[in-house]
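Taking it in order: structure first as C-alpha cells, then the write-up.
The values are calculated or read from the model by the stated rules, or taken from the named source; none is laboratory data. Source: prediction; values computed, not measured. As a convention, Cβ positions derive from the backbone with ideal geometry for all residues, glycine included, and neighbour counts pool all protein chains shown. Remember, those area values only see protein heavy atoms, side chains included, never the ligands or the DNA or RNA. Shrake-Rupley method; radii C 1.70, N 1.55, O 1.52, S 1.80 Å.
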Amino acid sequence: MYQLIDTHAHLDEIEDIEQVLADAGEAGLAAVVAVGSDLESNRKVLELAARHEKFVNPALGWHPWFIKEADIEANLGFIKAYIHEAVAIGEVGLDYHKRVRAVADKELQKRVLGEILQIAKTHDKPASIHSRYAWRDAYDAVVNAGLEKAVFHWYTGTSSVLRDIIENGYYISVTPAVEYHEEHRRAVKEAPLERMLLETDCPVVYQRGTENEFTSSPADVLRSLREAAVLKGVSEEELAEITTQNAVRLFGL
Ligand SMILES: [Zn+2]
C-alpha cells in the first residue's frame with residue numbers, strides 16, 4: 001500500500017464524509033488537503049479538519065465560480081481571520097469560461113485573486129490555483145504576488161506557461177482525468193516528477209457521459225497515481241513516494 005496525499009479535495013461537498021474518509025484511510029491515504037470554495041465551504045472545511053486532525057488539512061479559498069462584488073469583504077475577512085488555521089490558500093484563481101465571466105468579469109476575478117494572494121504572501125502559505133482558460137493570467141498573478149509556493153491544480157494549459165511554472169519552482173497536480181483528457185495528459189508528460197502532486201478534485205464526476213463515469217472520492221487518488229506512473233514511465237511506488245514528499249514539503253504537512 002502506498003502513502004498518498006490527495007492535495008485538492010472538496011470534502012465539504014461530499015455526503016457521508018465520515019465513511020468516505022475511512023475508505024480513504026484504508027486505501028492508503030496519509031492525508032487530504034481540503035480546499036474551500038466560499039464562506040460556507042471554508043467554515044465546513046475548518047470543522048472537518050478539527051474533527052480529523054492531521055488527516056484533513058484545511059485550505060481556505062474563494063473559487064472564481066462564486067465571486068461576487070458584494071461578498072468581497074465577508075469572504076476575504078473570513079480568510080484573513082482564520083488563515084493561521086490553514087495549511088494553504090485555495091481554491092482560488094481565474095476562470096475565463098464565458099459562463100463564469102458572465103457572473104464575475106476578468107477584472108473582478110483578477111482583483112479578488114490579487115487580494116487573496118496577498119494574504120498567502122503575508123502569511124507565507126502556498127496557494128492552490130484554478131486556471132481554466134486563464135493560464136497565463138493566473139500564472140502572472142501568482143508571480144506578481146511574490147508567492148514562492150503554488151500548485152496549478154489539474155493543469156490543462158499551454159506548454160509555454162507550464163515551462164514557466166516549472167522554472168519558477170511551482171507545481172502542477174494530477175487528477176483522474178489523466179486517464180483520458182488530452183491536454184492534461186500532455187501536461188503530465190511534460191512536467192518533471194519533482195514538480196508534480198496527486199489529487200482528485202473530488203467529488204468531481206469523471207468520464208462524464210461514458211460507461212466509465214464515476215463520482216470521485218479521495219481514494220481515487222490511486223487512479224491519478226496509476227495513470228501518471230504509466231505516462232512518466234516510472235513505478236507506482238516511486239511516483240507515490242516522490243509526489244507525497246512534494247506534498248509534504250509544499251504544504252508543510
Ligand atoms: Zn477544485
Tell me which of these Ala22 doesn't satisfy, since it passes every other one: (1) in contact with a Phe, Trp or Tyr (Cβ under 6 Å, 6 or more places away or on another chain); (2) more than 18 Å from Leu253 (Cα to Cα); (3) of a type in the set (Gly, Ala, Ser).
(1)
Keeping to the range 189-219, report how many residues are within 16 Å of the ligand (Cβ to nearest atom), under 28 Å from Arg249 (Cβ atoms) and either assigned to a helix (DSSP H, G or I) or polar (S, T, N, Q) (or both).
4
Condition set under 27 Å from Tyr2 (Cβ atoms) and among the acidic types (Asp, Glu), scope the range 21-61, selection nearest to the ligand (Cβ to nearest atom): answer is Asp23
Of the residues in the range 69-98, those that are surrounded by fewer than 23 Cβ atoms within 10 Å (Cβ to Cβ), within 15 Å of the ligand (Cβ to nearest atom) and among the acidic types (Asp, Glu) number 1
Looking only at the range 1-20, how many residues end up being open to solvent by 10 Å² or more (accessible area, probe 1.4 Å), away from the ligand (no atom under 16 Å from the Cβ) and touching a strand residue (DSSP E or B) at 6+ places or on another chain (Cβ under 8 Å)?
1
Considering the range 221-241, residues that are open to solvent by less than 40 Å² (accessible area, probe 1.4 Å) and without any contact (Cβ under 8 Å) to a residue 60 or more places away in the chain, and then whichever is nearest to the ligand (Cβ to nearest atom), we arrive at Ser224
Among residues belonging to the range 134-145 that are more than 16 Å from the chain's Cα centre (by Cα) and open to solvent by less than 30 Å² (accessible area, probe 1.4 Å), point out the one that is nearest to the ligand (Cβ to nearest atom).
Ala141
For the range 188-219, name all the residues that are open to solvent by less than 40 Å² (accessible area, probe 1.4 Å) and within 12 Å of Val178 (Cα to Cα).
Val188, Leu198, Glu199, Thr200, Tyr206, Gln207
Within the range 101-133, track down each residue that is under 23 Å from Leu39 (Cβ atoms), within 16 Å of the ligand (Cβ to nearest atom) and outside any helix (DSSP H, G or I).
Pro126, Ala127, Ser128, Ile129, His130, Ser131, Arg132
Identify, by number, the condition in (1) of a type outside the set (Asp, Glu); (2) within 16 Å of the ligand (Cβ to nearest atom); (3) more than 27 Å from Arg195 (Cα to Cα); (4) touching a residue at least 40 places away in the same chain (Cβ under 8 Å) that Phe66 doesn't meet.
(4)
Condition broken by Lys44, with the remaining ones in (1) in contact (Cβ under 8 Å) with a residue 60 or more places away in the chain; (2) under 18 Å from the mean Cα position of the chain (by Cα); (3) open to solvent by 30 Å² or more (accessible area, probe 1.4 Å) satisfied
(1)
Just one of (1) touching a residue at least 40 places away in the same chain (Cβ under 8 Å); (2) open to solvent by less than 20 Å² (accessible area, probe 1.4 Å); (3) over 16 Å from the mean Cα position of the chain (by Cα) trips up Gly61, so point out which.
(3)
